[in-house]
Amino acid sequence: MEAVISSLRSGLRRIFESAEGLLDKIFGPKLNPFGQLGAIGYFLYWIVAASGIYLFAVYDTGLENTYESIEWYTYDHWYHAGVMRSLHRYASDLMVVMMLVHLAREFALDRYRGVRWFSWFTGIPVIWMVYISGITGYWLIWDKLAQYVAVTSTELLDWLPIFGEPIARNYLSGGVLSSRFFTLLIFLHVAVPLILLFIMWVHIQRISRPKVNPPRLLAGVIVVGLVIVSLWQPALSQGPADLTQEPSPVGLDWFYLPLYPLADSNPGLVWLFLAVATLLIGLMPWLPPLKKPKPAAVDLAHCNGCGRCVDDCPYEALILAPRSDDLPYSHEVAVNASKCVSCGICMGACPSSTPFRRTAELATGIDIPDLPLTEVRGRVQEVAETLTGAPRVLVIACTHSAGARHDGAVLALPCVAMAPPPLIDYVLSRDLADGVVVAGCAERSCHNRLGVDWTKQRIAGERDPYLRKRVPRERLLTVWASPTEGRVFRRELADFVDRLKALPADDGSGTRMPPAPSSAGAAEEKAL
Amino acid sequence: MIDGVSFPRIIGMLVFTVALSALAAVFDDWPRYSRIPDGMAVLKFSFTHGSDRSSLCKRRSREELQKLPPNKRVPLDCPRERPPVVTELEVNGEQLFFKSLPPSGIAKDGPSRLYERFLVPAGDHTITARMRDTPREEGFDYESTRRVTLVPGQNLSIDFRHETGGFVMN
Ligand code: HEM
Ligand code: SF4
Ligand code: SF4
């Protein structure tokens, strides 16, 4: 089982990466839709909600006039209400696409287990609510498709032993059609999407700075694209419902109704499929569970409560609490172990994380027990010793990136942002290498959501802790590439090596520091 | 340039988005789906009806009544449970469906319920629906026959209305 799931995951991952590489060419890394599927989902929801409110204003809720009122606004008012109707439908369809791709991608990137079970698990009712919203929507048009949806849905529900009177009897013949039932549906088509919105909100409660709005330009392109298609291929009804006539053949919305043909022939099988699929998706985070690394641990002696780690944690695992010891600070940091993924970003953010101290054991404010700062420094030294030839290039890579697959000298970390900026300074100023490569995930898919952003901002001096100005930037390369984008990594590395070769040899001008004496080390600590 | 993105690139993004939305527009009513084969029509045979249990009542004898507490001395002793409703559907003299429908409810005192669909070729048919709602062993209490001409795709419902005293086909 375990082997099957993990090969499924890596296969899917390869497919995603080639698709994502392609969209990188069209959209660029910042606007790549794959990097913001959730945000696009939210945006589509708002389009659907806004167009839905608009349509309700012109829709006649009485059963007899429903169809006519929709025909009237589709044809006589095509340029506003008709466009709204098409937007409502096509944005809903794209929402299904977005949702399924998002689900598959979180699976492929293994971002659904361990602490992340919460987002995954709350995604399941989201799927149900999206589908129920769409299905009740088609019901309301009261055209032939609506009739088909009404009959098949009620027959499907009647298969379950919950309703006394078969509800499909509502659609036996025109004479008995009850408009009470229709009113209930209108209510459901408003209530279920509101429940959906609530669950979408719950869905992102355990991540900090969730991306719920796509970049403005991307949002604009989506709206314009949808409007073009709405004008070009407007959404239409399929003739008025007539219960004395089977609605067959009928055009199905295959995004929302793919199981309906099966429901016609075998409703029991549909329920079995839904039950098994829901159960399986629900169990996924524990099939098998992620081996949970030890969560971040705080060392109060080195924490001044500055809150940088709290700011940088992508999973809301840290909070500032009132000081519990007698150090003269107002706050200290506290870890919520059940939310911590041990990415190490907090360690990289702590001003106490500096490798320059001379002590054998390096301590810092917040550390990762499985790979503490001391060990990080130790490994850097070990890796540096294996460097031969010129120029000597040391790679600090996120384990989820292309850099980690490089077979040269690599220091692999759970996230690039775990490397405190002074570590780069340390490698270059102690002359452990001639150049440093910081290699993270592709920008669209940082495994730890914010690691790439934080690293860029720290190097650019926009976010604490800064990479000091004295670090020669020409000896530093950042590469953002996924494991399948090894070509990108190798190309950039080769160019970097060429540039390093062209640099003048260490000229003693002061940009590169000699090994620091102990007093310089102490000064360093104060400077940070 | 908008937000640092060049126009050709924006056009590329737009082309992609239009293509994706157009795919949504295509697959939201194509390929078409036929629920029933060409040239067929549908009979929906459905009703909810509680059988009559009054004939199962027994008149209590004087001695039996004496044994009951005064507030329970009702002359008729009627069972809670309803007998099943037996129903039959015949098309052109051939039996299409025959079933004994048990009463619903835990106490088996609720109505019997039926919802069945049948495919028949379009054309002329003689349809007979029958129902027994009393505990007798043989025969039926209701019967209704109609000659119909079904067009392809027609949906003929066969319901039962106790108030109007029989089957309703339309
Ligand atoms: C309309 C449907 C959905 C919307 C709008 C939505 C939206 C979002 C958003 C905005 C995020 C935060 C992304 C970020 O900032 O990194 C997110 C994360 C996530 N979603 Fe969804 N989602 C939807 C459906 C689903 C479904 C169906 C699943 C799976 C069953 C799912 C699984 C996840 C997971 C596992 C994460 C966490 C990623 C991480 O921890 O790095 N989502 N979603
Ligand atoms: S290791 Fe990562 S998830 Fe855990 S507290 Fe630090 S930044 Fe947050
Ligand atoms: S960054 Fe370091 S010093 Fe600041 S609150 Fe976190 S652990 Fe404490």
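Derivation of every value follows stated rules applied to the coordinates shown; laboratory data play no part. What you are looking at is a predicted structure, and each value in this text was computed from that prediction instead of being measured. Here Cβ is always computed from backbone atoms with ideal geometry, including for glycine, and neighbour counts include all displayed protein chains.
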**Request:** For A:Lys339, go through the lysines and keep the ones whose alpha-carbon is under 18 Å away, minus same-chain ones fewer than eight residues off.
**Result:** A:Lys291, A:Lys292, A:Lys294
**Complete:** quick note, the protein assembly as shown, DSSP beta bridge pairs, % antiparallel (nearest 5) is 75 percent
**Item:** Longest DSSP-loop-exposure-free segment, trypsin sites (Lys or Arg not before Pro), chain A, at most 11 other Cβ within 10 Å
**Value:** A:1-290
**Fill in**
The simple spin-label model distance between B:Thr134 and A:Asn266, using points 7 Å out along Cα→Cβ, in nm, is 4.5 nm
**Item:** Principal-axis tilt of helix A:518-527 within chain A, Cα atoms, nearest 10 degrees
**Value:** 30 degrees
**Top of B:Asp109, B:Asp77, B:Asp141 by mean-square fluctuation, Gaussian network on chain B, Cα under 10 Å** = B:Asp77
**Item:** Loop-located GluC sites (Glu not before Pro) in the stretch B:22-118 whose Cβ has at most 16 other Cβ within 10 Å (DSSP)
**Value:** B:Glu81
**Request:** Please give the average number of partner chain Cβ atoms lying within 10 Å of the Cβ of each residue in B:44-51, rounded to a whole number.
**Result:** 3
**Complete:** Sorted by chain and number, the residues with a modelled amide H under 5 Å from that of A:His331, at a separation of 5 or more or across chains, are A:Arg323
**Request:** Work from the charge dipole of the protein assembly as shown (Cβ charges, +1 for Lys and Arg, -1 for Asp and Glu, about the Cα centre) and give the residue of A:Gly239, B:Met13, B:Thr134 farthest towards its positive end.
**Result:** B:Met13
**Prompt:** Given the rule -39500 (n - 2.57) for each run of at least 4 DSSP H residues, summed and divided by the residues of chain B, what is its mean residue ellipticity at 222 nm, to the nearest 500 deg cm²/dmol?
**Reply:** -5000 deg cm²/dmol
**Asked** Looking at chain A, which longest stretch skips every one of the GluC sites (Glu not before Pro) that is in a DSSP loop with at most 12 other Cβ atoms within 10 Å, leaving the sites themselves out?
**Response** A:1-360
**Fill in**
Within the set B:Pro135, B:Pro75, B:Pro103, GNM on chain B using Cα springs under 10 Å gives the largest fluctuation to B:Pro75
**Message:** For a Förster distance of 25 Å, can you work out the FRET efficiency between the beta-carbons of A:Asn336 and A:Ile5, rounded to the nearest 0.05?
**Reply:** 0.35
**Asked** To the nearest whole percent, what portion of all C-alpha pairs in the stretch A:380-424 is separated by more than 13 angstrom?
**Response** 54 percent
**Asked** Expressed as an acute angle from 0 to 90° and rounded to the nearest 10, what is the orientation of the C-alpha long axis of helix A:37-58 relative to the principal long axis of chain A?
**Response** 30 degrees
**Prompt:** Looking only at other chains, what is the average number of their beta-carbon atoms within 10 angstrom of each beta-carbon in B:8-17?
**Reply:** 6
**Fill in**
Calculated from DSSP helices alone, with each H run of at least 4 adding -39500 (n - 2.57) and the total divided by the residues of chain A, [θ]222 nm to the nearest 500 comes to -16500 deg cm²/dmol
**Asked** From the residues A:Val383, A:Cys441, A:Ile141, which one has its Cα farthest along the dipole of chain A in the positive direction, the dipole being from +1 and -1 charges on Cβ of Lys/Arg and Asp/Glu about the Cα centre?
**Response** A:Val383
**Message:** I'd like the distance separating the alpha-carbon centroids of the stretch A:397-444 and the stretch A:122-148, in whole Å.
**Reply:** 49 Å
**Message:** Under a Cβ-only charge scheme (Lys and Arg +1, Asp and Glu -1), can you give me the dipole magnitude of the stretch B:1-153 about the Cα centre, in debye to the nearest 20?
**Reply:** 880 debye
**Item:** Alpha-carbon centroids, the stretch B:19-65 and the stretch A:27-81: separation in whole Å
**Value:** 33 Å
**Prompt:** Within 10 Å of each Cβ of B:147-153, how many other protein chain Cβ atoms are there on average?
**Reply:** 2
**Computed magnitude of the charge dipole of chain A (debye, nearest 20; Cβ of K, R +1, Cβ of D, E -1)** = 1480 debye
**Request:** Could you give the C-alpha radius of gyration of the protein assembly as shown expressed as a fraction of 2.2 N^0.38 Å, taking N as the number of residues it contains?
**Result:** 1.33
**Asked** How far, in degrees from 0 to 90, does helix B:7-26 lean away from the longest principal axis of the Cα atoms of chain B, to the nearest 10?
**Response** 30 degrees
**Asked** To the nearest 0.05, what FRET efficiency results for A:Thr359 and A:Ile228 with a Förster distance of 56 Å applied to their C-beta separation?
**Response** 0.30
**Prompt:** With chain B treated as a Gaussian network of Cα nodes joined by springs under 10 Å, which of B:Ala107, B:Ala122, B:Ala19 yields the largest mean-square fluctuation?
**Reply:** B:Ala19
